[in-house]
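Student: Once you've had a glance at the structure underneath, I'll fire off some questions.
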Amino acid sequence: MWRSGVFMKAAILVESRRPLVIDEIELPAQLEYGQVLVKVLYTGICGAQLNEIDARKGPDKFLPHLLGHEGGGIVEKCSPGVSNVKPGDHVVMHWRQGRGIQSPTPKYRWKGKVVNAGWVTTFNEYAVVSENRLTAIPKDFDLKLAALYGCAVTTAYGVVFNDAQLKSGESLVVVGAGGAGMSVIMMASLMGANPIIAVDIHEEKLAKARKFGATHVINSKKEKLHEKIAKILPKGADVAVDCTGIKSIRELCYEITQPQGRTILVGVPAAGERIEIDSFPLHFGKIITGSHGGDVAPDYVIPRLMALQNAGKFSLKGMISHEFAFDEINKAIMMMRKGEVLRCILRMPAGQ
């Protein structure tokens, strides 16, 4: 039974570019209008959390604070006004805004300090979440896989269908075959793109990219990327997607698209880092744009994608490359930094 004075385990970002601190923190005394208490069973770790830890967008003004924006959990309690979910519902926890109330953000307590949090966090056993960051799903859907729908899978859908407006038979190059990039490949394959070229520096990721729909793979550590792509696509790619945030790669993605091609930037650059491109082709149909979660409406997209998965139109088998206990979160983050992880899932204590 939820009440004031309840403590839970959480991973706290106390200092930028330092390991997360795992400790007990206190839940808020009561839910405010539009807030929902969720028991978190599984959470993914997205590259966005590494960017937050590293203060990649600039100095962090909210320390200490909680992290995590893709999870699968069960609703414990709802505040007045909440109508889209109810206690007992299984939910995807997502960072994109969906239906319902946008509540105030919660404040937890730790050692006499306030611990800040956004509208959704998942690196904690229980989370006070804004109603519009939750989407109810069937209770027989695997909550471990549901966590992937909080960001990677839905973002990829949005990148392909909204940002790139990819059409069947168009060519695609994806640079960075991590969780987001691999999901883009999967969605593009579902759409009927051809050819689909996956680029990475890790052979094991490139091998998996073929399983998720890539027709060609390039190890940019071993091959001259520009020359290799030119051989496969002499006229240039219809769409190029950067999932790395690296300056030279963002520039290259723009260069390799054909005159009316589209370049979609998914990876987040460091604050203040600028790219250099020839802007002249932009006057004649070439496009470059940044993606913000694929501009998806989670409450609309998640049920439909889950129905497609259940119908066998695509499979997430193999997307989760590593699974860790929650206490191993810093180990998981270290492996992500080394590029050894496709997508990892943390088992929260309630999910073990």
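The values are calculated or read from the model by the stated rules, or taken from the named source; none is laboratory data. Everything numeric in this text was worked out from a predicted model, so none of it was measured. Cβ atoms come from the backbone with ideal geometry, glycine included; neighbour counts cover every protein chain shown. For accessibility, only protein heavy atoms count, side chains too; no ligands or nucleic acids. Shrake-Rupley method; radii C 1.70, N 1.55, O 1.52, S 1.80 Å.
Student: Restricting to segment 93-127, name every residue that is in contact with a Pro (Cβ under 7 Å, 6 or more places away or on another chain) and either among the aliphatic types (A, V, I, L, M) or more than 29 Å from Glu328 (Cβ to Cβ) (or both).
Tutor: Hits for segment 93-127 are Gly98, Val115, Ala117.
Student: Show the residue pairs meeting these rules: Cβ distance below 6 Å; 6+ apart or different chains; first residue within segment 53-78 and at positive phi; second residue outside any strand (DSSP E or B) and surrounded by 20 or more Cβ atoms within 10 Å (Cβ to Cβ).
Tutor: Final answer for the pair search is Gly68/Thr121; Gly68/Thr122; Gly68/Phe123.
Student: When you go through Lys86, Lys111 one by one, which is the residue that is basic (Lys, Arg) and either within 20 Å of Gln30 (Cβ to Cβ) or in contact with a Cys (Cβ under 7 Å, 6 or more places away or on another chain) (or both)?
Tutor: Lys86
Student: Of the conditions (1) touching a Pro at 6+ places or on another chain (Cβ under 6 Å); (2) in a loop (DSSP other than H, G, I, E, B), Ile12 clears all except one; give me its number.
Tutor: (2)
Student: Being outside any loop (DSSP other than H, G, I, E, B), open to solvent by less than 10 Å² (accessible area, probe 1.4 Å), in contact with a strand residue (DSSP E or B) (Cβ under 9 Å, 6 or more places away or on another chain) and free of Cβ contacts under 8 Å to residues at least 40 places away in the same chain narrows it down to one of Ala198, Ala207, so name that one.
Tutor: None of the other options fit; the residue is Ala198.
Student: Give the residue, chosen from Asp327, Asp278, that is open to solvent by 60 Å² or more (accessible area, probe 1.4 Å), part of a helix (DSSP H, G or I) and either aliphatic (A, V, I, L, M) or out of contact with any Lys or Arg (no Cβ under 6 Å at 6 or more places or on another chain) (or both).
Tutor: Only one candidate passes the filter, namely Asp327.
Student: Now for a different question. Please work out which residue is nearest to Asp23 (Cα to Cα), limiting yourself to segment 48-83 and to residues that are buried (at least 22 other Cβ atoms within 10 Å of the Cβ) and of a type in the set (Gly, Ala, Ser).
Tutor: Only one residue tops the list, namely Gly68.
Student: Filter segment 37-47 for residues that are open to solvent by 30 Å² or more (accessible area, probe 1.4 Å) and touching an Asp or Glu at 6+ places or on another chain (Cβ under 7 Å) and give the result.
Tutor: Lys39, the sole residue that qualifies.
Student: Considering only residues of segment 126-145 that are assigned to a loop (DSSP other than H, G, I, E, B) and within 18 Å of Asp299 (Cβ to Cβ), which is nearest to the chain's Cα centre (by Cα)?
Tutor: By that ranking, first place goes to Phe141.
Student: Separate question: Out of everything in segment 96-115 that is part of a strand (DSSP E or B) and surrounded by fewer than 18 Cβ atoms within 10 Å (Cβ to Cβ), what residue ends up being farthest from the chain's Cα centre (by Cα)?
Tutor: Of everything passing the filter in segment 96-115, Lys113 is farthest from the chain's Cα centre (by Cα).
Student: Residue under question is Ile287, and the condition is that it be buried (at least 17 other Cβ atoms within 10 Å of the Cβ) and under 26 Å from Gly245 (Cα atoms); does it hold?
Tutor: When the stated conditions are applied, Ile287 passes them.
Student: Within segment 145-165, can you find the residues that are hydrophobic (A, V, I, L, M, F, W, C), more than 15 Å from Gln309 (Cα to Cα) and crowded, with 24+ Cβ neighbours inside 10 Å?
Tutor: The answer is Cys151, Val159, Val160, Ala164.
Student: Any residue in segment 251-273 that is over 23 Å from Phe284 (Cα atoms) sitting within a Cβ distance under 8 Å of a residue that is of a type in the set (Lys, Arg) and modelled with pLDDT of 95 or more? List the pairs, counting only those 6 or more apart or interchain.
Tutor: Here the result reads Gly267/Arg250; Pro269/Lys247; Pro269/Arg250; Glu273/Lys247, each pair linking segment 251-273 to a residue that is of a type in the set (Lys, Arg) and modelled with pLDDT of 95 or more.
Student: Surrounded by fewer than 19 Cβ atoms within 10 Å (Cβ to Cβ) and without any contact (Cβ under 8 Å) to a residue 40 or more places away in the chain - does that describe any residue in segment 168-182?
Tutor: yes
Student: Output the residue which, of all residues in segment 210-237 that are loosely packed, with under 13 Cβ neighbours inside 10 Å and in a helix (DSSP H, G or I), is modelled with the lowest pLDDT.
Tutor: In this case the residue turns out to be His226.
Student: Residue by residue through segment 304-315, note down the ones that are part of a helix (DSSP H, G or I), farther than 12 Å from Leu145 by Cβ and either open to solvent by 60 Å² or more (accessible area, probe 1.4 Å) or touching a His at 6+ places or on another chain (Cβ under 8 Å) (or both).
Tutor: Arg304, Leu308
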